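A short worksheet on the structure shown next.
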Amino acid sequence: KEFDHPDEDYDKWIFEEETSTIYYGDKFDKNCKKWTYDYILPPDTTQDQMNEKVAKKTVTDFTEGYNGTIFAYGQSGSGKTYSMLGHESILDSLSENKNNDLYGIMPRAVFQILLYLMILFVMEGNGN
């Protein structure tokens, strides 16, 4: 199906949900621009939902010795900083240990890694 795009060439954009592909131009033309994606999150997605979908597995893989990157890209004002750090009051929230539902991907990743290290420490018998 086609999707609305603010470009004057909006009719050249094709969004295929079943294949997670966006085309610009005739999708059967070898010169057609094509992008694939893993998923699209709706605007009402919570920080916790975003972390579960986008980051948690990458952080888990990191604790198992794999490299991982979580990269925020987009236009100014699109929510990259909010997604990665959380609400602007995040430093107050962290120091007062409240409003963890506002934490972005980075604080949640740090907590996930620290929790992993604490569990590892206890499992190795060093927690006594």
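The values are calculated or read from the model by the stated rules, or taken from the named source; none is laboratory data. Computed from a predicted model, the values in this text were never measured in an experiment. Neighbour counts run over all protein chains shown; Cβ positions are idealised from the backbone, glycine included. Side chains are part of the model used for accessible areas, which takes the heavy atoms of the whole protein and leaves out ligands, DNA and RNA. Shrake-Rupley method; radii C 1.70, N 1.55, O 1.52, S 1.80 Å.
Can you find, within the stretch 85-119, the residue that is surrounded by the fewest Cβ atoms within 10 Å (Cβ to Cβ) among those that are hydrophobic (A, V, I, L, M, F, W, C) and at pLDDT below 90?
Within the stretch 85-119, the match that is surrounded by the fewest Cβ atoms within 10 Å (Cβ to Cβ) is 91.
Look through the stretch 15-43, keep the residues that are without any contact (Cβ under 8 Å) to a residue 12 or more places away in the chain and within 21 Å of residue 79 (Cα to Cα), and return whichever of them is least open to solvent (accessible area, probe 1.4 Å).
Going through the qualifying residues, I end up with 42.
Name the residues in the stretch 44-55 that are in a helix (DSSP H, G or I) and open to solvent by 80 Å² or more (accessible area, probe 1.4 Å), would you?
Within the stretch 44-55, 49, 52, 53 meet the criteria.
Tally up the residues in the stretch 49-61 that are over 18 Å from residue 103 (Cβ atoms) and at pLDDT below 95, please.
Final tally of qualifying residues: 0.
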